[in-house]
Amino acid sequence: MDSSSHQFNPRRTSDKAHTILCIDDESANLKVLSSIFRDHYTVILTKNAEQGYQKALEIIPDLILLDVVMPDENGFELIKKIKASHALAHIPVIFITGLHGEDDEAKGLKLGACDYIHKPFSHSIIFARVNTHLEIVRQRKLLEKFANFDSLTELPNRRKWQTDSHAVWQNAMINQQKINIGVVDVDHFKKYNDFYGHVKGDIVLRKISNAVKRALYQYDGCIYRCGGEEFYFYFPENTQILNEDVLATCQQAVNDLAIPHQTSPVQPYLTISIGAVNHQPCPNSQLLEVIDAADRLLYQAKHNGRNRYAYGNYSI
């Protein structure tokens, strides 16, 4: 390690939201890395490849500092596992190693490392390089936020729904749990826009979506804007109240807003219709089929007069 470590004094800006995972079998190296970054980032230390891999899966760090030469499993072998993991592949990995051969460096970069730093290293240089890669991480997360959220309602969008619903579906299948999946549609919203204008239409969409979001949140549910005035949602099987009561709570939350809608043939205020199904995912069932079933129930609710929900069980 650099003997001039006592002179290292970077600008002390704290960003504990970023997490760095250090994987090195030498305790002395881990202590030095911790001393460099602990005042600025959350630093997690692990002493071998297996421990590091499991910790990475547990915490999903923002960046990994990885030694190459370790017993049992070396850094080159570990980065292959990291890049093969769907959960970890996006995490930047920086090799910090005493190996100085060009072939070793080329191998590390070809395996997916974003940087390769030789020991003994300068503390200021490694801090600067880590900062650079964490800035890229910050920008990527910002882009993902814009890509995954609807700018009008600030709800997650269809793209985010596709990712989250798949994860919820798989988790329910593994744990053999039932989930509720549904569709919300604002009744006669075109008539509202035609009469009141699109600016007011945008305002009430935000109000309605936030009302339903708050109602679902208390039951561990989530809602996504997947069309103009159409929203998808899910919530887990509820043991405290009937699942249908959750739907009624969402509907009532919108009714309580009492947003005037003079041209609605349903009520003199804005209302919603809901279609939802209860299902336990299994290898023979498909998420799209369940969404289609919920959509059919939505149209049933509309056919029966709107401002109501239709609920049922989906079975193969």
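The values are calculated or read from the model by the stated rules, or taken from the named source; none is laboratory data. Since the structure is predicted, the reported quantities are computational estimates derived from the model, not experimental observations. Here the Cβ positions follow ideal geometry from the backbone for every residue, glycine too, while neighbour counts run over all protein chains shown.
Summary of values
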{"read-out": "Test: residue in the range 186-201 that is under 14 Å from Ala276 (Cβ atoms) and at pLDDT 95 or above", "value": "no"}
{"read-out": "Selection from the range 182-232 of residues that are in contact with a helix residue (DSSP H, G or I) (Cβ under 6 Å, 6 or more places away or on another chain), closer than 22 Å to Gly312 by Cα and in a helix (DSSP H, G or I)", "value": "Val212, Ala215"}
{"read-out": "The range 79-101, residues that are within 15 Å of Leu21 (Cα to Cα), aliphatic (A, V, I, L, M) and surrounded by 15 or more Cβ atoms within 10 Å (Cβ to Cβ)", "value": "Ile79, Ile82, Leu88, Ile91, Val93, Ile94, Ile96"}
{"read-out": "Scope the range 98-139; condition modelled with pLDDT of 90 or more, basic (Lys, Arg) and either in contact with a His (Cβ under 9 Å, 6 or more places away or on another chain) or within 16 Å of Leu65 (Cα to Cα) (or both); matching residues", "value": "Arg129, Arg138"}
{"read-out": "Filter pass, Asn307 being at pLDDT 95 or above and either polar (S, T, N, Q) or outside the structural domain of Ser165 (by TED's automatic domain parsing) (or both)", "value": "yes"}
{"read-out": "So Arg225, is it buried (at least 20 other Cβ atoms within 10 Å of the Cβ), of a type outside the set (S, T, N, Q) and either touching a residue at least 40 places away in the same chain (Cβ under 8 Å) or assigned by TED's automatic domain parsing to the domain that holds Pro268 (or both)", "value": "yes"}
{"read-out": "Ala258 vs. criteria of a type outside the set (Asp, Glu) and buried (at least 16 other Cβ atoms within 10 Å of the Cβ)", "value": "no"}
{"read-out": "Residue in the range 269-294 that is surrounded by the fewest Cβ atoms within 10 Å (Cβ to Cβ), counting only those that are part of a helix (DSSP H, G or I) and under 25 Å from the mean Cα position of the chain (by Cα)", "value": "Leu288"}
{"read-out": "Only listed residue being in contact (Cβ under 8 Å) with a residue 24 or more places away in the chain and part of a loop (DSSP other than H, G, I, E, B), chosen from Leu78, Leu99, Leu57", "value": "Leu99"}
{"read-out": "Neighbours by Cβ (under 9 Å, 6+ apart or cross-chain): first from the range 288-313, within 19 Å of Ser264 (Cβ to Cβ); second assigned to a helix (DSSP H, G or I) and among the basic types (Lys, Arg)", "value": "Arg308/Lys302"}
{"read-out": "Close pairs (8 angstrom Cβ cut-off, 6 or more residues apart or separate chains): among the aromatic types (Phe, Trp, Tyr) in the range 103-117, in a helix (DSSP H, G or I) and surrounded by fewer than 17 Cβ atoms within 10 Å (Cβ to Cβ) anywhere", "value": "Tyr116/Leu109"}
{"read-out": "Pairs where the first residue, in the range 253-276, is of a type in the set (D, E, K, R) and the second is crowded, with 21+ Cβ neighbours inside 10 Å and modelled with pLDDT under 95, C-beta under 8 Å, 6+ apart", "value": "none"}
{"read-out": "Qualifying residue in the range 253-262 (condition: in the same structural domain as Asp202 (by TED's automatic domain parsing), in a loop (DSSP other than H, G, I, E, B), under 29 Å from Ile316 (Cβ atoms) and of a type outside the set (Val, Ile, Thr))", "value": "no"}
{"read-out": "Filter result for the condition that a residue is at pLDDT below 95 and touching a Leu at 6+ places or on another chain (Cβ under 8 Å), over Lys47, Lys55, Lys16, Lys31", "value": "Lys47"}
{"read-out": "Candidates Glu237, Glu244, Glu230 - the one that is under 21 Å from Arg206 (Cβ atoms) and charged (D, E, K, R)", "value": "Glu230"}
{"read-out": "Subset of the range 300-316 [out of contact with any Ser or Thr (no Cβ under 6 Å at 6 or more places or on another chain), of a type outside the set (Ser, Thr, Tyr) and surrounded by 18 or more Cβ atoms within 10 Å (Cβ to Cβ)]", "value": "Arg308, Ala310"}
{"read-out": "Residue in the range 137-159 that is under 30 Å from Gly221 (Cα atoms), of a type in the set (Val, Ile, Thr) and not in a helix (DSSP H, G or I) present", "value": "yes"}
{"read-out": "Within the range 15-36, considering residues that are outside any strand (DSSP E or B) and of a type in the set (Val, Ile, Thr), the one surrounded by the most Cβ atoms within 10 Å (Cβ to Cβ)", "value": "Ile36"}
{"read-out": "Unmet criterion (only one of (1) in contact with a Lys or Arg (Cβ under 6 Å, 6 or more places away or on another chain); (2) β-branched (Val, Ile, Thr); (3) within 20 Å of Arg129 (Cβ to Cβ)) for Val93", "value": "(1)"}
